[in-house]
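Each remark here refers to the structure printed beneath this line.
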Amino acid sequence: MIKKIAITGFGIVAPSGIDKKAFWANIKAGRSAIKKIERYDSSLYPSHIGGQIHDLDVYSHVSSRLLQKIDPFSHMALIASEIALKDAGIDVSKENLNNIGIFMGNALGGWLYGETELRDLYIEGREGVSPYMASAWFPAAPQGQVSICYGIKGYSKTIVSDRASSLMAIGHAIKILAKEKVEFILAGGMEAPLSPYGLLCCNTNGQISKNNEHPEEAYRPFDKHRDGFVVGEGAGIMILESEERAKKRGKKAFAYITGYGTTCDGVDRIKSDPNGKQLARAIRMALDDAGYSPKTIDYISLDGAATLEGDISEVAAIKEVFGKYAKDVPVSAPKTMFGNLLGASGAVDVLVTVLAMEHSLIPPILNLKDIDPKCAGLNYCRDRAKEHNIRRAIVISRGRAGINAVLALEKG
Amino acid sequence: MNMDTKTKVKDVIVKLLKVKPEEVREGLSLEQSLGVDSTEMVEVCIALQKEFGISIYEKEVAKQHSVEQIAKVIDSKKK
């Protein structure tokens, strides 16, 4: 069975930049991309800040004819997939299309398309609704659009598991590759939650920051003055293939995904179990899968929910697994710079970690000024990036209702 | 066939599908010239109904029809 799965290309579409060069320049500088949402009048929402992407069309080769039929979350997935394939040096037309898979995750589906058409239904009646609504809004739409765009026909799946969706999609993808069901996989996630109704749902959920006066300082996980996370939009797609295949085609891996673990808290419909026991079990599962001892981990990419239960349970889990070493291993939550991309957050966190490995630089967690005493005892990389050689890392991604997912990575 | 109807049908299709006028080729079906699928055809029908103010059903105009054929159907319904 194949053990090491190589990441040989990736595409990032995020508020901090599209494509890795621009994105990494902002991340290593610790620059926040969180701003007031101005696409529509969001001022009446309790929280109206977010990580937005303004220049999507500049990077797009998608025709305006197709753009009418798809939601922005599919558009982002198409752009990220194109960049990822180019980065990996893969010409899909020269591959066996039956042996390519697509594993993607998102939490919400295409709300902008859905809510616009629902408005038309109530104003104009049945004939006002686009016949494309059915195929534009549903969570598997991006998988469908990417498969149509390239003619991909292999074993594929869309995972919906709240904010852990894309990390779980990658976790499932490596298992499928290990079983040699396909040759390579486009894996990751996408989310476009900043539509009027999407943002309203995020608001009623009660887990997002209302610090509208200071958008750049709003997302502050593990801080005493936290008041929730900040929502962002974007996509992260990576090309996954076996180490052997990558070597055969002379492509150096950026990193390897070596382990995966997932558990459920089974306690509350929204909040994480504060004791962090099940997250600890997911971390151990990923480490065991990779064959790593906790002491060999050089960096932890945190979920950073910026909610009381989310933060204290995450810290408790790390302390339980890493013991004495918990105070030494560097940890960070770079999403404080561009927002929590919900279902796409895990995939983007993986890609930030890959870039951190490549540049031997830990990206900062912003706004952690006054550490909550319940979250103390970890080696947070605060405010500015820190040079550090990262050979092995884990990435934590969690969702509402106590979903925990963890990936183990190794430098390529 | 009323040339005015033909021009209007072509305009509706160009505007709706965001294609260039020269892509709508004379004598070819919408499927052949533009790759129109059945879902797009539903949109075309709705747009034509709005433009001409008459009921046009999907069974009357199909993707296998050319602009000229669609214009003929519309002219016959207007009489």
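A few comments on the model shown:
- Within the range A:61-103, the set of residues being acidic (Asp, Glu) and either crowded, with 17+ Cβ neighbours inside 10 Å or touching a residue at least 12 places away in the same chain (Cβ under 8 Å) (or both) comprises A:71, A:82, A:87, A:95.
- When A:61, A:54 are checked against the criterion of being out of contact with any Pro (no Cβ under 8 Å at 6 or more places or on another chain), assigned to a loop (DSSP other than H, G, I, E, B), away from chain B (no Cβ under 14 Å) and within 27 Å of residue A:103 (Cβ to Cβ), A:61 stands alone in meeting it.
- Matching residues, the range A:299-325, being in contact (Cβ under 8 Å) with a residue 60 or more places away in the chain, out of contact with any helix residue (DSSP H, G or I) (no Cβ under 7 Å at 6 or more places or on another chain) and buried (at least 19 other Cβ atoms within 10 Å of the Cβ): A:306, A:307, A:310
- Identity of the residue in the range B:12-27, in a helix (DSSP H, G or I), under 20 Å from residue B:46 (Cβ atoms) and over 9 Å from the mean Cα position of the chain (by Cα), that ends up nearest to the other protein chains (Cβ to nearest Cβ): B:17
- Any hit, the range A:339-349, residues being in a loop (DSSP other than H, G, I, E, B) and over 18 Å from the mean Cα position of the chain (by Cα): no
- Residue check, residue A:119 basic (Lys, Arg) and either touching a Pro at 6+ places or on another chain (Cβ under 8 Å) or within 14 Å of chain B (Cβ to nearest Cβ) (or both): no
- Test: residue A:95 is within 14 Å of chain B (Cβ to nearest Cβ) and over 27 Å from the mean Cα position of the chain (by Cα): no
- Test: residue in the range A:258-276 that is in contact (Cβ under 8 Å) with a residue 12 or more places away in the chain, of a type in the set (Val, Ile, Thr) and either assigned to a helix (DSSP H, G or I) or buried (at least 23 other Cβ atoms within 10 Å of the Cβ) (or both): no
- Candidates are the residues of the range A:127-139 that are open to solvent by less than 30 Å² (accessible area, probe 1.4 Å) and small (Gly, Ala, Ser); the one that is nearest to the other protein chains (Cβ to nearest Cβ) is A:130.
- Qualifying position, being open to solvent by 20 Å² or more (accessible area, probe 1.4 Å), at pLDDT 95 or above, farther than 19 Å from residue A:261 by Cα and charged (D, E, K, R), among A:157, A:224, A:181: A:224
- Against the criterion of being surrounded by fewer than 17 Cβ atoms within 10 Å (Cβ to Cβ), in contact (Cβ under 8 Å) with a residue 24 or more places away in the chain and either in contact with a strand residue (DSSP E or B) (Cβ under 8 Å, 6 or more places away or on another chain) or away from chain A (no Cβ under 14 Å) (or both), residue B:32 does not qualify.
The values are calculated or read from the model by the stated rules, or taken from the named source; none is laboratory data. Please read all numbers here as calculations on a predicted model, not as lab measurements. Ideal geometry is used to build each Cβ from the backbone, glycine not excepted, and the neighbour counts take in all protein chains shown. Note: accessible area is taken over every heavy atom of the protein model, side chains too, but ligands, DNA and RNA are not part of it. Shrake-Rupley method; radii C 1.70, N 1.55, O 1.52, S 1.80 Å.
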